[in-house]
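Here's the structure, in structure tokens; my notes come after.
The values are calculated or read from the model by the stated rules, or taken from the named source; none is laboratory data. Remember, it's a predicted structure, so these values are computed and weren't measured experimentally. Cβ placement follows ideal geometry from the backbone for every residue including glycine, while neighbour counts extend to all protein chains displayed. These area figures cover heavy atoms from the full protein model, side chains too; ligands, DNA and RNA do not enter into them. Shrake-Rupley method; radii C 1.70, N 1.55, O 1.52, S 1.80 Å.
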Amino acid sequence: VEGHLFLIQTRLISQRQPLYEPPEGLLISDINDAWEHLEKAEHAREIDLREYLIHLERLEQVARKFERKLSLRNAWLEDNITII
């Protein structure tokens, strides 16, 4: 962006035109600040998503463990019912 602005300014100077002044909020520094804010937000979101995926994997492990225990308990109950 900065390079394009420099090119525009150079061409305007060579054609003796008034220099381009970006409107408030669209200065190079404003764009850089917004970009930095966006990168930080993206990084924070990525961390949140990774933590959520780890949480889901743990839940899946707990569910598998529960299913195994349930299967063992059901087998034990069936065996005891046939004995009784």
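Going by the structure shown, is THR82 open to solvent by 100 Å² or more (accessible area, probe 1.4 Å), free of Cβ contacts under 8 Å to residues at least 60 places away in the same chain and among the β-branched types (Val, Ile, Thr)? Here the answer is yes, as THR82 does meet what is asked. Residues that are more than 20 Å from GLY3 (Cβ to Cβ) and either outside any helix (DSSP H, G or I) or open to solvent by 100 Å² or more (accessible area, probe 1.4 Å) (or both) within the range 34-44 comprise HIS37, LYS40, GLU42, HIS43, listed in sequence order. Put simply, of ILE47, ILE31, ILE54, ILE8 the only residue that is open to solvent by less than 90 Å² (accessible area, probe 1.4 Å), in contact (Cβ under 8 Å) with a residue 24 or more places away in the chain and assigned to a helix (DSSP H, G or I) is ILE31. The residue of the range 57-84 that is modelled with the highest pLDDT, among those that are of a type in the set (Val, Ile, Thr) and part of a helix (DSSP H, G or I), is VAL62. Checking each residue in the range 10-23 for being at pLDDT 90 or above and of a type outside the set (Val, Ile, Thr) picks out ARG11, LEU12, SER14, GLN15, ARG16, GLN17, PRO18, PRO23.
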